[in-house]
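First up is the structure itself, then whatever we jot down about it.
Just so it is clear, none of the values below were taken in a lab; they were calculated from the coordinates. The structure displayed is predicted, hence computed values, not measured ones. No Cβ is skipped: glycine too gets one built from the backbone with ideal geometry, and neighbour counts run over all protein chains shown.
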Amino acid sequence: MAGYFELVDAPDGGYRVRLIDGSGNLMAISVTFPTKRAAAAGVTRAREIAGTGLIRDISASQDSAPLKQPPVRQHATSPKNIGVLGSGRPAGVIGHKRARTHL
């Protein structure tokens with residue numbers, strides 16, 4: 001199962017976006033956005049980066065094997081089916097028409 005993005009209140013005001021994997025585990029949390037619209041734009045940017053972004057290892061670790069880049073997968077979901085973060089409702093899974101809301 002695919003993961004999803006959650007829009008949550010930031011402790012210092014504004015909103016943050018959490019990336020949750022298909023098992024319900026927290027994978028990442030965003031910076032603080034001032035508005036829900038800005039948070040939704042952040043999700044759009046994250047989707048674009050995640051689809052093509054390379055792994056940059058700037059850690060101090062000296063693991064024996066270099067990182068291999070995973071193959072780039074083409075996203076089969078058309079933009080019209082992508083769920084959008086709405087006013088207080090969860091964004092839902094990408095491509096799930098029922099979760100679609102408007103800002």
*A38 versus I20, label points 7 Å from Cα toward the beta carbon: distance in nm?*
2.4 nm
*Enumerate the calculated ³J(HN,Hα) couplings along segment 43-48 in order (Karplus 6.51 cos²θ - 1.76 cosθ + 1.60, θ = phi - 60°), each rounded to whole Hz, writing x wherever the residue is Gly or Pro.*
5, 4, 5, 4, 4, 5
*Say each of D12 and A28 gets a label point 7 Å from the Cα, pointing the same way as Cα to Cβ; how far apart are those two points in nm?*
2.0 nm
*Place the peptides 19-28, 54-63, 35-44 in order of packing, highest mean first, counting for every residue the other Cβ atoms within 10 Å and averaging per peptide.*
35-44, 19-28, 54-63
